Amino acid sequence: MHPCCALMHNKPMKQLPEWNDLRVFLMVARLGTISLAGERLGIEHSTVSRRIDRLEEKLGAVLFDRRRSGYTLTDAGRRLIPNAEKMEAALLEAVEQSLGQAEVIEGTVRVGTPEAFGIHVLAPSLARLRDQHPGLHIELMAQPQFPSLVTREVEILVTLEPPEAGRYKVARLAQVDYFLYCSPGYRTSHPPIRELGDVVHQEFVDYIHDGSVSDRYRILQELTPNARRSFSTTSVLAQRTAAAAGLGLVLLTPYVARQGNDLVCVFPDQPLMTRGLWIAAPEDLLKIRRYRFVWDHIRQLIEQHPDLFRRPS
């Protein structure tokens with residue numbers, strides 16, 4: 001039985017859906033609007049709409065809840081996603097092999113990472129990849145709220161929050177330590193910090209915790225629950241800049257703090273918080289060479305920086 005048939009509760013279909021309609025369905029599901037999907041696919045948004053309508057008619061089910069703010073998946077649409085993605089991956093793999101491209105690395109790979117990791121660790125390594133494989137194009141989403149693997153907003157995800165369910169390959173990359181930093185000016189103009197208990201009298205730079213960043217970044221709350229915040233932002237790079245300007249103490253990873261000489265470490269030999277760093281990707285995509293290559297590149301990148309990352313325990 002075709003996988004779409006079972007998904008639609010055995011409703012009769014006039015004929016099997018076309019792959020192009022399923023491809024449009026996946027793009028709308030991932031981007032949320034027909035205009036963005038049309039732009040990504042290089043077709044008119046009216047064509048996107050017609051293809052979705054035709055697919056729903058063939059399947060006998062409504063796949064999207066259409067609102068002015070965008071398209072959201074219905075239960076039937078969510079059930080269709082994994083089967084359509086299997087077909088997508090199988091097609092990509094077949095094309096790669098049939099064209100003799102099994103050893104060629106080219107195409108687009110969308111990678112999601114924490115903001116500073118993407119900017120300071122991954123991005124600098126991409127010029128070398130480009131020299132080796134001119135046909136490989138990386139789209140990097142480096143942001144404080146982790147993008148979604150479920151909707152294929154990204155295809156490879158570096159994250160502090162590994163997916164708990166789904167057909168994903170997940171591997172632990174490293175342990176990331178957080179140290180306490182401040183500017184030299186802040187340290188000389190505020191009460192001395194001789195031991196950890198002294199930080200309760202200090203001011204801090206921190207994340208805004210309003211749902212716009214991952215809860216895994218609530219590191220300051222673990223250090224001192226009633227911290228006095230002088231500045232809050234969704235960006236760790238903005239935190240670093242504010243701390244370097246003397247606004248307060250800040251918890252940072254070494255690969256953020258060491259981007260200049262304008263911060264000093266308060267307890268140089270004492271990491272105050274630790275987080276696990278993970279990598280995840282859909283299992284079916286890792287059968288395709290370009291995704292597997294980027295996955296391996298990120299893992300090797302971690303191993304090349306033992307000064308910044310600890311091996312997972």
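The values are calculated or read from the model by the stated rules, or taken from the named source; none is laboratory data. Treat the numbers as computed from the prediction; the structure is a model and nothing was measured. Positions of Cβ are backbone-derived with ideal geometry, glycine not excepted, and every protein chain shown enters the neighbour counts. Remember, those area values only see protein heavy atoms, side chains included, never the ligands or the DNA or RNA. Shrake-Rupley method; radii C 1.70, N 1.55, O 1.52, S 1.80 Å.
Here is how the numbers come out for the structure above:
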item	result
Matching entry among A123, A94 (being assigned to a helix (DSSP H, G or I), hydrophobic (A, V, I, L, M, F, W, C) and at pLDDT 95 or above)	A123
Y168, sole failed condition from (1) touching a helix residue (DSSP H, G or I) at 6+ places or on another chain (Cβ under 6 Å); (2) surrounded by 15 or more Cβ atoms within 10 Å (Cβ to Cβ); (3) not hydrophobic (A, V, I, L, M, F, W, C)	(1)
T274 vs. criteria of a type in the set (S, T, Y), farther than 27 Å from S189 by Cα and within 23 Å of the chain's Cα centre (by Cα)	yes
Candidate set from region 31-90 (those that are part of a strand (DSSP E or B) and touching a residue at least 12 places away in the same chain (Cβ under 8 Å)); member that is surrounded by the most Cβ atoms within 10 Å (Cβ to Cβ)	Y71
Options F179, F204, F231: the member that is of a type in the set (F, W, Y) and open to solvent by 60 Å² or more (accessible area, probe 1.4 Å)	F231
Any hit, region 121-134, residues being open to solvent by 30 Å² or more (accessible area, probe 1.4 Å) and of a type in the set (V, I, T)	no
Residue ranges of helices (runs of 4 or more DSSP H) in region 215-313 with at least 3 members free of Cβ contacts under 8 Å to residues at least 12 places away in the same chain and not hydroxyl-bearing (S, T, Y)	289-303
Selection status of R240, among the basic types (K, R) and open to solvent by less than 60 Å² (accessible area, probe 1.4 Å)	yes
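Per-residue answers, yes or no, for (1) among the hydrophobic types (A, V, I, L, M, F, W, C); (2) under 20 Å from E283 (Cα atoms):
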site: N20; (1), (2): no, no
site: V24; (1), (2): yes, no
site: E39; (1), (2): no, no
site: V48; (1), (2): yes, no
site: D53; (1), (2): no, no
site: V62; (1), (2): yes, no
site: R67; (1), (2): no, no
site: T72; (1), (2): no, no
site: A94; (1), (2): yes, yes
